[in-house]
1. Counting DSSP beta bridges in the chain, what percent are antiparallel, to the nearest 5?
2. About its Cα centre, what dipole magnitude does the chain give when the only charges are +1 on Lys and Arg Cβ and -1 on Asp and Glu Cβ, stated in debye to the nearest 20?
3. Between (i) 15.1; (ii) 13.5; (iii) 18.4, which entry matches mean projected area of the Cα convex hull in nm² as derived from the coordinates of this structure?
4. For SER138 and GLU33, what is the calculated FRET efficiency with R₀ set at 30 Å and r taken between the beta-carbons, to the nearest 0.05?
5. What number, rounded to the nearest 500 deg cm²/dmol, is the helix-based mean residue ellipticity at 222 nm of the chain, given -39500 (n - 2.57) per DSSP H run of at least four residues and division by all its residues?
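Read-outs throughout are calculated quantities, based only on the coordinates presented, and are distinct from any laboratory measurement. Values in this document were obtained by computation on a predicted structure and should not be read as measured data. Backbone-built Cβ (ideal geometry, glycine too); neighbour counts: all protein chains shown.
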Amino acid sequence: MTDHWQLPTGVSPGTQEYFESDEIASDYDSYFEYTSLFSFDESIVINELGKGDDKSIVADFGCGTGRALVATGKQGHRGLAIDMSTKMLQIVQRKAIENNLHIDCVKANLVDLDGFRDSSIDHGVCLFSTLGMIQGNSNRQSAMTHFRRMLKPGGKLILHVHNYWYNLYDPGGPKWMARNAWQSLRSKEIERGDRTYPYRGVYNMFLHVFTRGEIRRLLRRAGFASLRFIPLSPVRMTALSHAWFLSNFRCNGWVVICQ
């Protein structure tokens, strides 16, 4: 396991353990086979990005095993898979060969994408709360700025994040919110919305959850001018019903269409 002092920027010890786990990568697809959000966000991606050609490039920032790139590849787009997990990128390469798709794979930290040129991709996706896996607001801002910089004019970024306020409905959620708020006041190492929890053998997995105002500020500061929020229902299979009524507190999270 990587020593704490060697951790990449924005990567917590638990997240690094997650990246280095071949077991997590190997059964990723079967573990999430029936996850409702996957089919819903993929339908949004396909609808928003439409048909592509061999010149249009879709980047998946934190691609996992490449489910979104397979979906967009079947619509004609080329893919750029970016992830910190070597094993997951190997799975993406295998899927590309099996489906006869053009997907390039790059192991890189989303906080440090200086090796990619400005305006080098047509569209981008960052799904399944991948942005929340980055520790530190300044690091999340750096990642978002890179995403925006890499997009061609008029390109779209499709982003998913979890809603901080939805913890009000979870067992133990209000207690965690109170404790987290107090800890964030006492320590510069903890921000409001930072969570650590056991996850598939990783005892201290990190995830940051967002308020709508917080994610809006990140996107605006990165230079996105147009934002469209799709609030998610509790089961994340559909958009939230009656979204006009207190959706910022009722929704599980958001899929955000950014331009």
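1. 50 percent
2. 1060 debye
3. It is the one labelled (ii).
4. For SER138 and GLU33, the calculated efficiency is 0.25.
5. Roughly -10500 deg cm²/dmol at 222 nm, from the helical runs in the chain.
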